[in-house]
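Trainee: Here you go, one structure.
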Amino acid sequence: MSDERRTELLVGTRKGLFVLEGRPDARFSLKARAFEGEPVEYAMRDPRTGRLFVSATSAFWGPKIWYADALKAEWRQATGVALPKGGDQALKRIWVIVPGETDGTLYAGGDPGVLFESRDRGATWELNRALWEHPSRPAWRRDSGGLSVHTILPWPGDPDRLALAISAAGVWLTDDRGKSWRQGNAGIVADYLPEEARATAINLCVHGLERARERPERMFMQFHGGVYRSDDAGESWIDIADGLPSDFGFPVVLDPADPDSAYVIPVTTEDRLTPEGRVQVWETRDAGVSWTAHGDGLPQRDAWLSILRKSFHGKGEGPDLELYFAATSGEIFGSSDAGKTWFAVASRLPSVQSVRVAR
Amino acid sequence: MAVVRLRGQLEKLAGGAQHQLAGSTVTELLQELESSNAALEGWVLDERGVIRPHINVFVNGEQATAETPIGEDDKIEILPAISGG
């Protein structure tokens, strides 16, 4: 492997941000730390500008978004990341920050089921009022992790189209850049609800959602008991969990080069841990018709890992696709051959809440 | 006016430790603190105007509540709660 091939990971932990760097076939080294002692829920680097973003929820001072133009630069607090003053709710957490499709635009999602938009490279943010004031909001339900906009999927090349995943309020779609929202839940079966309630249920607990870059109407979902595919931009969903050891899990990752690809990490329904103490990443290359397990290099006994929904990410595409996932136990694993083999990236970190490839 | 003493991150954000502020209750004083120091907005009070859960406010050395009355010569300190684990 070329010495020039290096990867940088932003690791959000319960005790701060850890920036790791290394060749994608061996342990990474610690490059930097920031927000020491603070719970960092999410960190990302905007690939368009190189700007770094961190969402951190201090136990004392509340949730904030911070940004910096270099790891050693001063972190500045973004403004506008709050709910309307004088209301009866307060912002609890920012779950995710993603680049939009127009220059300078970013989106952030958080708890209680809120979306923010920035049009100035992340310095100032504005609450999306249409989602905040949606008439169905009183029927939305918190899950054990909160009421979270945890996934935001722009449509490549079309800034008007966006999909959101909300736990537990299902999939939401807009075609007018967030002026109006509609649900995209047809076909999802929430087996945690009584049968009579399923057809009209809004409290749907989506855990992970991704869109295929080369075929944006193709999406994959890891549900709270179910794995699904959509071929119509999230309007309806097809069950593709057959062949997996468990249909429960949190994150899903795609190979950007292959719209028929998806990777999931099944965990048990009962305790949300890797089944039978074995860590395996499961891959489909035929849109969910069949699944292949990958465990080469991963612990295959006595490994009871919990992998959270933002703790699995990729870099590159095709045969050289790199994949990284982290556990709340503080371990990170990586693959540089699209999941065929795995190596230990880091261990003994604080409990990991998110992992993103920065570059 | 009452004197509010800040420490740590709040002191840094406000650009100083001592602040003379007017307000008849703890909540009013904290509202005045945040409105006169834009960098502090949302740090002590959340959007509802409620004191964040792990913040302690002391008035003349005694732990106060949001409704505790404030007098002209009172000394107020805002401190994060003790944390562990």
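All of the numbers you see were taken from the coordinates with simple rules; none came from a lab. What you see is a predicted model; the values in this text were computed from it and never measured. Because the Cβ atoms are built from the backbone with ideal geometry, glycine has one as well, and the counts that use them run over all protein chains shown.
Trainee: Quick check on my link table: of A:Lys315/A:Lys340; A:Lys64/A:Lys85; A:Lys72/A:Lys92; A:Lys15/A:Lys64; A:Lys64/A:Lys92, which ones sit more than 18 Å apart, alpha carbon to alpha carbon?
Mentor: Too far apart for the 18 Å limit: A:Lys72/A:Lys92.
Trainee: Mind pulling up the Rg/Rh value for chain A? Radius of gyration and Kirkwood radius, both on Cα.
Mentor: 0.94
Trainee: Run the numbers for A:Ser180 and A:Tyr192: contour at 0.36 nm per residue of separation, minus the present Cα-Cα distance, in nm.
Mentor: Between A:Ser180 and A:Tyr192, full extension yields 1.4 nm more.
Trainee: B:Arg5 to A:Asp120: FRET efficiency via 1/(1 + (r/R0)^6), r the Cβ-Cβ distance, R0 30 Å, to the nearest 0.05?
Mentor: 0.25
Trainee: Shifting gears a bit: May I ask you to compute the full-extension gain from A:Glu74 to A:Glu36, defined as 0.36 nm times their residue separation minus their alpha-carbon distance, rounded to one decimal in nm?
Mentor: Between A:Glu74 and A:Glu36, full extension yields 12.2 nm more.
Trainee: For a paramagnetic label modelled at 7 Å from the Cα of A:Arg213 toward its Cβ, which residues of segment A:1-32 fall within the zone defined by backbone nitrogen distances under 15 Å?
Mentor: None, by backbone N distance to the label point.
Trainee: State, to one decimal in nm, how far the label point of B:Glu41 lies from the label point of A:Glu4, with both points 7 Å from Cα in the Cβ direction.
Mentor: Here the answer is 4.7 nm between the modelled labels.
Trainee: Can you give me the relative contact order of chain A as a percent, contacts being Cα pairs under 8 Å and 6 or more apart?
Mentor: Answer for chain A is 13 percent.
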